[in-house]
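Read through the structure below, which is laid out as structure tokens, and then see the notes.
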Amino acid sequence: MTKIVNHWIGGKTVDGASGTYGPVTDPATGAVTTKVAFASVDEVDAAVQAAKEAYVTWGQSSLAQRTNILFKFRALLDANRDAIAELITAEHGKVHSDALGEVARGLEIVDLACGINVQLKGELSTQVASRVDVASIRQPLGVVAGITPFNFPAMVPMWMFPMAIACGNTFVLKPSEKDPSASMKLAELLAEAGLPDGVFNVVHGDKVAVDRLLEHPDVKAISFVGSTPIARYIHTTASANHKRVQALGGAKNHMLVLPDADLDAAADAAVSAAYGSAGERCMAISAVVAVGAIGDELVEKIRERAEKIKIGPGNDPTSEMGPLITKAHRDKVASYVKGAPAQYAKVVLDGTDFTVEGYEDGHWIGISLLDKVPPGSDAYRDEIFGPVLCVLRVDTYEQGVELINNSPFGNGTAIFTRDGGAARRFQLEIEAGMVGVNVPIPVPVGYHSFGGWKDSLFGDHHIYGNDGTHFYTRGKVVTTRWPDPADAPAGVDLGFPRNH
């Protein structure tokens, strides 16, 4: 019998009422294993209403109450790592170790939320004028929503809701309809931790559910992670409806390799950063920029390592890379490799005909490596979101920086070099939100914020870290003047001496 994933509203599972369902496949087999209910406008409204009612008390709850619940949730999350990772593997396809890593990175943000007390401290200036004090405080917004992608079905929601809830907001999550089960497990664990009903809600669906959240008058803020075209739409639509928005878009992350770099280390980094998670991550290195005469040697080292990657089902402990999320996505990724020679790129490795014995109907694709890729080609210009690495050649450091800065994306970038001066110049001159120096995927730890520049971010706030706290709260300044008790009218004795 096919599993059905329904909604989580008001602290319990609620059967879908729209009559519309979407298929969820096991990417390793291609079989439909689950149906997920798609929410109607009325069902989204019910989730927002539950969150609105819960906010009446949750928004006034103490920091101690909120963090105590989050500490319990953190313990449950830690105890259920494997169970959540298994759900991710079953619906997304990534290998179990990769799924466990996703849960671990989500845990970092839960840790941050457990210690939110320090970030929510206000400021006080005394005696700014005679008997006048000024205080700055931060207060929650109300009902906030998150719209999250398929590639990290546990981690990206945890980039959002722990911070939002810790700040005193209530939350409505619209996860990807391609792998919805992890979000439901998180909802169950939050309830087990003692989170009051309605503080966290999950509605599944498509554009109907998304658009309703973007326009709903009771939703005060929208967090989004996904492709650039959708991020732009989310930002434009939600802003027009007077909402606060952080919308993280796509990427084309470059790795600049200077002639003095350790080429073995650079090749190791390029392979792990390009092909880890099957390339389905916004921080993947998808373009290596080789400076000077090192290009041929670097490409050969990458090829040697890439050919050894073991591709197979995510639940096989020996697998290092799993399938892609859908057949349609697999075919789209393959089209970039097939079309590369016509656009003057050299195909060093072509993984488009790869399959796994016994799993022939899975969404398989092998490792692809393209060399001497022209900057105007489709493979370089577009975010492929698959295991395809492009290598570009430049003569100088300056040409490499110019190439990277000309990209419309500015999510992450890296430089590999032994020269501290060159690395320092790079981190100041490069136009990207996250920079790695001999680190290929510079995703910051939880107490620093994650976010790109240019077409990789729409809105003023990055996600989690200090930016997360500021995004999920609004500032208020209170100016106070109290009369001195000694100046009280005659006849009222407050015990203060009259001869001060």
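The values are calculated or read from the model by the stated rules, or taken from the named source; none is laboratory data. The structure presented is a predicted model; accordingly, all values stated were derived computationally and were not measured. Every residue, glycine as well, gets a Cβ built from its backbone with ideal geometry; the counts of neighbours run over all protein chains shown. Heads up: the accessible areas ignore ligands, DNA and RNA and are worked out on the full protein's heavy atoms, side chains in. Shrake-Rupley method; radii C 1.70, N 1.55, O 1.52, S 1.80 Å.
Being of a type in the set (A, V, I, L, M, F, W, C) and surrounded by fewer than 24 Cβ atoms within 10 Å (Cβ to Cβ) is the filter; apply it to region 231-246 and report the residue that is nearest to GLY459 (Cα to Cα).
Taking the candidates together, the pick is VAL245.
Give the number of residues within region 347-393 that are within 28 Å of the chain's Cα centre (by Cα) and of a type outside the set (Ser, Thr, Tyr).
24
Which of the residues spanning region 40-61 are open to solvent by 60 Å² or more (accessible area, probe 1.4 Å) and not in a helix (DSSP H, G or I)?
Residue satisfying the conditions is GLN60 alone.
Among (1) more than 30 Å from ALA90 (Cβ to Cβ); (2) assigned to a helix (DSSP H, G or I); (3) in contact (Cβ under 8 Å) with a residue 24 or more places away in the chain, there is one condition VAL348 misses while meeting the rest; what is its number?
In the conditions (1) more than 30 Å from ALA90 (Cβ to Cβ); (2) assigned to a helix (DSSP H, G or I); (3) in contact (Cβ under 8 Å) with a residue 24 or more places away in the chain, VAL348 misses (2) alone.
All but one of (1) within 30 Å of ILE415 (Cβ to Cβ); (2) under 20 Å from the mean Cα position of the chain (by Cα); (3) open to solvent by less than 40 Å² (accessible area, probe 1.4 Å) hold for ASN201; state the number of the condition that does not hold.
For ASN201, the failing item is (1).
Going by the structure shown, is ALA334 out of contact with any Ser or Thr (no Cβ under 8 Å at 6 or more places or on another chain) and in a helix (DSSP H, G or I)?
So ALA334 fails the test.
Counting only residues that are among the charged types (D, E, K, R) and open to solvent by less than 60 Å² (accessible area, probe 1.4 Å), how many does region 62-85 have?
1
Can you work out which of the residues in region 3-39 that are among the aliphatic types (A, V, I, L, M) and in contact (Cβ under 8 Å) with a residue 40 or more places away in the chain is surrounded by the fewest Cβ atoms within 10 Å (Cβ to Cβ)?
Per the stated criteria, the residue is ALA31.
Please go through region 165-198 and give me each residue that is buried (at least 24 other Cβ atoms within 10 Å of the Cβ) and among the basic types (Lys, Arg), ordered by number.
Across region 165-198, the qualifying residue is only LYS174.
Residues checked against (1) open to solvent by less than 30 Å² (accessible area, probe 1.4 Å); (2) of a type in the set (Lys, Arg):
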{"residue": "SER368", "(1), (2)": "yes, no"}
{"residue": "GLY386", "(1), (2)": "yes, no"}
{"residue": "ARG425", "(1), (2)": "no, yes"}
{"residue": "VAL445", "(1), (2)": "no, no"}
{"residue": "TRP453", "(1), (2)": "no, no"}
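Pairs needed: first member in region 40-66, more than 17 Å from LEU120 (Cβ to Cβ) and touching a residue at least 12 places away in the same chain (Cβ under 8 Å); second member anywhere, open to solvent by less than 80 Å² (accessible area, probe 1.4 Å) and part of a helix (DSSP H, G or I); C-beta distance under 6 Å; at least 6 residues apart or different chains.
Pairs found: VAL41/ARG212; VAL44/ALA209; VAL44/ARG212.
Looking for whichever is under 30 Å from ASN169 (Cβ atoms) and modelled with pLDDT of 95 or more here; the options are LEU256, LEU263, LEU248. Which one fits?
Checking each option against the conditions leaves just LEU248.
Look through ILE325, ILE302 and report the one residue that is within 30 Å of the chain's Cα centre (by Cα) and either within 14 Å of ALA274 (Cα to Cα) or open to solvent by 20 Å² or more (accessible area, probe 1.4 Å) (or both).
The conditions single out ILE302.
Evaluate the following for SER335: is it open to solvent by 30 Å² or more (accessible area, probe 1.4 Å), small (Gly, Ala, Ser) and at pLDDT 95 or above?
Here the answer is yes, as SER335 does meet what is asked.
Among the listed residues ASP419, ASP467, ASP395, ASP378, identify the single one that is open to solvent by 10 Å² or more (accessible area, probe 1.4 Å) and within 24 Å of THR237 (Cα to Cα).
ASP467
Scan region 102-122 residue by residue and report those that are closer than 26 Å to ARG330 by Cβ and open to solvent by 30 Å² or more (accessible area, probe 1.4 Å).
ARG105 - this is the single residue of region 102-122 that is closer than 26 Å to ARG330 by Cβ and open to solvent by 30 Å² or more (accessible area, probe 1.4 Å).
Mind checking whether some residue in region 209-224 is within 15 Å of the chain's Cα centre (by Cα), open to solvent by 10 Å² or more (accessible area, probe 1.4 Å) and modelled with pLDDT of 95 or more?
So far as region 209-224 goes, yes, one or more of its residues are within 15 Å of the chain's Cα centre (by Cα), open to solvent by 10 Å² or more (accessible area, probe 1.4 Å) and modelled with pLDDT of 95 or more.
Can you list residue pairs whose Cβ atoms sit under 6 Å apart, with the first residue in region 198-210 being closer than 23 Å to GLU53 by Cβ and the second being of a type in the set (Ser, Thr, Tyr) and in a helix (DSSP H, G or I)? Count only pairs 6 or more apart in sequence or on different chains.
The qualifying pairs are VAL202/SER183.
Among the numbered criteria (1) more than 19 Å from GLY412 (Cβ to Cβ); (2) open to solvent by 50 Å² or more (accessible area, probe 1.4 Å), which single criterion is violated by GLY362?
(2)
For region 470-490, which residues satisfy the criterion of being part of a loop (DSSP other than H, G, I, E, B) and buried (at least 21 other Cβ atoms within 10 Å of the Cβ)?
Within region 470-490, just TYR472 meets the criteria.
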